[in-house]
Every structure is written in structure tokens, then in C-alpha cells.
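The values are calculated or read from the model by the stated rules, or taken from the named source; none is laboratory data. Bear in mind that the values here come from a model prediction, so they are computed numbers and not experimental data. When we count neighbours, we look across all protein chains shown, and the Cβ atoms used for this are built from the backbone with ideal geometry, even at glycine.
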Amino acid sequence: MNIAIKTINNAAELRALNDLAAMLKEHFNEAGLKSIEKDGHTGRRFGAYLADKLVGFIIYKEINPEAVELAWMGVSTELHGKGIGTKLVEESLREIGKSYKVCEVKTLSDTEEYEPYEKTRRFYKKLGFVPLETINPYPGWSDPCQIFVRFLAK
Ligand SMILES: CC(C)(COP(=O)(O)OP(=O)(O)OC[C@H]1O[C@@H](n2cnc3c(N)ncnc32)[C@H](O)[C@@H]1OP(=O)(O)O)[C@@H](O)C(=O)NCCC(=O)NCCS
């Protein structure tokens, strides 16, 4: 599959990102979609394109000058498990790693049995993210949060 990873630059590309997020209903509720829209304006954004169609997105938010958060990502449901998410993370982190030493990601903890997020946790672990603390309940969430981190510095 010929997937190209590019930065998301203009308003039309950003709209496509929000439309794609809205299709991932098992993962993003209304509040999540609003945050994606807000963070999409300020964060560093990358898209995965298949023949010029956006099929995946990722948004990073700065935590401090040395640390960044992989705040949001998603891949079109019908294309899950085909390596698009892996390519999106690896290629975008190559860029992001030029500016930051460490990348954090927060996701639903494995203390909650919710199958869609088991795949998500497996995904991050496979990409070298190390599980740290679980915070329960995480402020602003009604659910427990599992924090993962990956070092970017050489
Ligand atoms: C998490 C997500 C971005 C992964 O993208 P993807 O393109 O499906 O990932 P890949 O194809 O690169 O998969 C890599 C690994 O993730 C896990 N995985 C991801 N999707 C899977 C699926 N549908 N079934 C089984 N394993 C899956 C597997 O461990 C897989 O490795 P394997 O193929 O060797 O078994 C995608 O599943 C997604 O959009 N999920 C919904 C949104 C979400 O959870 N976002 C993260 C929180 S903000």
C-alpha cells in the first residue's frame, strides 16, 4: 500500500482530519472531538495519505521544551492493522525527535475492559512506548489513564 506521510498545513486538510476523527466513534466521544478540533489548531499535525485521501492523522502537543505529547491519532477503521499507524508514528517522530527528547501518550488504562483500547495499548507497546503510571481517575476524565513514554533523544 502506497502511504505518504505529510504535514497537515491548511484549513481543508484540517477539516478532513476532523471528519476522519468523527468517524472513529468507538474511540472519540463529543468532548474528544472538540479537543481534537482545538488541539488541531495549535499542535503539530501529520497525515497519512492514500492516493491523496487522508486515511490517518496524528497531533502532537508540547508539554515543555524537552517533552511532547502524542495527543491524538487515528486511522480509518477499514484500514486498521495494515501498518499505517506504525508508519505515521515512526515518520512523524523522526521529525518531532529533532525538537524534543521524550514523547508521552495517555490512553485508557488496562484496568478498564474495553476491547477497542486493548488494540491501542498493544499498538503503543509495540512501537516502544513504555507504560508508566496509571492515574485513576485522571483529572478531567471519568476513566483511569495509563501513561506511556518513549525516548526520542539519540
Ligand atoms: C491505534 C491505531 C492508530 C493503530 O493504527 P493501525 O494502522 O491500525 O496500526 P498498525 O497496522 O500499524 O498496527 C500495529 C499494531 O497495533 C496493533 N493493532 C492495531 N490495530 C489492530 C487491529 N485492528 N487488530 C489487531 N491489532 C491491531 C497490533 O499489535 C499491530 O501489530 P501487528 O499488525 O503486528 O499485529 C488505530 O487502530 C486507530 O485508529 N484506533 C482508533 C483510535 C485510537 O485508538 N487512537 C489512539 C488514542 S488517541
- Which residue pairs have Cβ atoms closer than 8 Å, lie 6 or more positions apart in sequence or on different chains, and pair a first residue in the range 11-22 that is polar (S, T, N, Q) with a second residue that is surrounded by fewer than 17 Cβ atoms within 10 Å (Cβ to Cβ)? Asn18/Leu33; Asn18/Glu37
- Task: Report, ordered by the first and then the second residue, all pairs with beta carbons closer than 8 Å, sequence separation of six or more or different chains, a first member in the range 118-147 that is touching a residue at least 24 places away in the same chain (Cβ under 8 Å), and a second member that is among the aromatic types (Phe, Trp, Tyr) and part of a loop (DSSP other than H, G, I, E, B).
- Result: Pro144/Tyr138; Cys145/Tyr138
- Task: Find the residue count for the range 112-140, including only residues that are surrounded by 15 or more Cβ atoms within 10 Å (Cβ to Cβ) and either on the phi > 0 side of the Ramachandran plot or of a type in the set (Phe, Trp, Tyr) (or both).
- Result: 5
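Find the residue count for the range 29-55, including only residues that are outside any strand (DSSP E or B) and over 19 Å from Gly81 (Cα atoms).
16
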- Message: Of the residues Glu66, Glu90, Glu115, only one is more than 15 Å from the chain's Cα centre (by Cα), modelled with pLDDT of 95 or more and not aliphatic (A, V, I, L, M); which?
- Response: Glu66
- Query: Residue check, Asp39 against (1) more than 9 Å from the ligand (Cβ to nearest atom); (2) in contact with a Cys (Cβ under 9 Å, 6 or more places away or on another chain), all met but one. Which one?
  - Reply: (2)
- Of Lys98, Lys82, the only residue that is closer than 18 Å to Gly43 by Cα and out of contact with any His (no Cβ under 9 Å at 6 or more places or on another chain) is Lys98
- Item | Count of the range 71-111 residues which are basic (Lys, Arg), more than 8 Å from the ligand (Cβ to nearest atom) and either surrounded by fewer than 15 Cβ atoms within 10 Å (Cβ to Cβ) or assigned to a helix (DSSP H, G or I) (or both) | 3
- Given the conditions (1) in contact with a strand residue (DSSP E or B) (Cβ under 6 Å, 6 or more places away or on another chain); (2) without any contact (Cβ under 8 Å) to a residue 12 or more places away in the chain, report the number of the one that Gly56 does not fulfil. (2)
- Message: Could you tell me how many of the residues in the range 4-28 are within 14 Å of the ligand (Cβ to nearest atom) and either crowded, with 18+ Cβ neighbours inside 10 Å or in a loop (DSSP other than H, G, I, E, B) (or both)?
- Response: 9
- Note on the structure: Conditions (1) within 13 Å of the ligand (Cβ to nearest atom); (2) at pLDDT 95 or above; (3) closer than 25 Å to Lys38 by Cβ; (4) not aromatic (Phe, Trp, Tyr) -> Gly128 fails only (3)
